[in-house]
Amino acid sequence: MDNRLRGKIASEAVRLRIKRDVEQIIQQGNRPPHLAAILVGNDGASQSYVNAKEKACEDVGFLSSIYRLPENLSQNDLLDRIDKINKDDQIDGLIVQLPLPAHIDENVVNSRISPDKDVDGFHDINMGRLAKGNAVINPATPYGILLLLEHYNLSVEGKHVVVLGRSNIVGRPLSILLSGNHAFGNATVTLCHSRTKNLKEWCQKADILIAAIGKPYFVTADMVKEEAIVIDVGTTRIDADNERGWKLAGDVNYTEVKEKASAITPVPGGVGPMTITGLLSNTLLVRKKRLEQNTSA
Ligand code: GUN
């Protein structure tokens with residue numbers, strides 16, 4: 001039985017729709033959406049993500065610009081760069097790849113990006129809108145997970161969703177989104193974290209279990225209810241006996257959990273591609289908004 005939720009396939013479907021919208025924008029005599037990404041330092045995983053984002057932009061017909069900046073860049077220099085991009089009419093969306101070097105304050109940086117260009121949805125204003133149920137931009141990974149569920153016609157309404165991990169990038173915004181009063185919301189959400197007592201019992205109660213803690217193979221079959229839907233957001237690089245010397249490990253012990261789950265995302269090929277698709281969707285949305293408002297070149 002193939003019970004995989006294949007992010008690659010769902011992504012292709014969504015990206016095809018994005019590509020068509022881009023073609024229409026161009027036909028109407030407008031510039032295509034343009035995403036800028038700032039990468040500070042040489043973290044291998046971050047470089048791969050940014051490269052993948054660049055390629056995805058090309059594939060759907062977006063313009064993209066990547067600013068690769070040195071590890072020892074000062075916070076002020078980074079903020080100056082963000083200010084310039086904020087003012088640049090030729091750029092619709094901006095992300096700063098995380099994590100940042102320790103001497104740079106992520107919160108300050110995220111809230112320097114113009115909320116209108118913040119296609120990661122990490123700005124305080126966008127997080128606040130999300131919390132109040134008026135999100136304009138949904139953070140890319142949570143949004144990608146919703147798009148994946150939508151693609152497979154899996155409604156979360158009335159279901160008990162257990163989210164493991166309360167990060168600002170995934171767990172917290174995802175718990176807010178899934179519990180919201182909107183299509184692909186209306187779930188009952190339990191947000192578990194490192195201080196949760198009886199974690200295994202909570203997991204066993206989940207109709208939908210979403211793991212976003214960055215601990216390879218943490219979720220085992222005994223933690224999962226029969227026929228549950230399992231979403232694995234983990235992407236930790238672990239040593240492997242291959243050419244690269246590493247492989248991606250999810251938070252779920254896939255081999256044993258797949259026997260019990262009704263549907264499950266593999267790693268890689270599950271949530272990963274959807275994250276980028278969420279980002280592309282946000283960038284298109286921002287572009288369309290700017291065209292409507294006539295505020296862009
Ligand atoms: N690092 C890990 N996930 C993300 C993400 O969604 N956006 C950014 N900017 N950095 C990340």
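For the chain, the normalised intensity computed at q = 0.08 Å⁻¹ comes to -0.34 (log10 of I(q)/I(0), Debye sum over alpha carbons, equal scatterers, no solvent). Of the complete DSSP H runs in the chain, those spanning 30 angstrom or more by Cα along the long axis with a mean Kyte-Doolittle score not below -1.0 are 271-293. Listing 244, 81 from fewest to most neighbouring C-beta atoms within 10 Å gives 244, 81.
Cα to Cα, under 22 Å, and not fewer than 8 places away if on the same chain: which lysines meet these conditions relative to residue 205? Reachable lysines: 159, 197, 215, 225, 258, 260.
For the chain, averaging the sequence separation of C-alpha pairs within contact (under 8 Å, six or more residues apart) and dividing by the residue count gives a relative contact order of 21 percent.
I need to check one value: relative contact order of segment 1-149, counting alpha carbon pairs closer than 8 Å and at least 6 residues apart, in percent.
Details: 178 pairs, mean separation 32.4, N = 149.
This gives 22 percent for segment 1-149.
Summing +1 for each Lys or Arg and -1 for each Asp or Glu among the other residues whose beta-carbon sits under 14 angstrom from that of residue 278 gives 0.
Could you work out [θ]222 nm for the chain from helices alone, using -39500 (n - 2.57) per DSSP H run of at least four and dividing by all its residues? Round to the nearest 500 deg cm²/dmol.
Working: 10 runs with 118 residues, N = 297.
Mean residue ellipticity, 222 nm, calculated: -12500 deg cm²/dmol.
When 256, 201 are sorted by how many other C-beta atoms sit within 10 angstrom of their C-beta, beginning with the fewest, the order is 201, 256.
Based on the Cα gyration tensor of segment 212-297, what are the three equivalent ellipsoid semi-axes, each the root of five times an eigenvalue, rounded to whole Å and given largest first? All intermediate terms of the calculation are to be shown ahead of the outcome.
Working: eigenvalues 239, 68, 16 Å².
Taking √(5λ) for each eigenvalue gives 35, 18, 9 Å, largest first.
Below 8 Å between Cα atoms, with a sequence gap of 6+, how large is the relative contact order for segment 183-228 in percent? Once normalised by length, the contact order is 40 percent. Sorting 209, 284 from the fewest to the most surrounding beta carbons within 10 angstrom yields 284, 209.
For segment 246-259, the Karplus equation 6.51 cos²θ - 1.76 cosθ + 1.60, evaluated at θ = phi - 60°, returns couplings of 8, 9, 8, 10, x, 7, 10, 6, 4, 4, 8, 6, 4, 6 Hz by residue, with Gly and Pro reported as x. Across the options 219, 282, 271, the greatest Cα extent toward the positive end of the charge dipole of the chain (unit charges at beta carbon of Lys, Arg, Asp, Glu) belongs to 282.
Every number in this text was worked out from the coordinates using simple rules, so none of it is lab data. Bear in mind the structure is a predicted one, so any value in this text is a computation, not a measurement. So basically every Cβ, Gly included, is an ideal-geometry build from the backbone, and we count neighbours across all protein chains shown.
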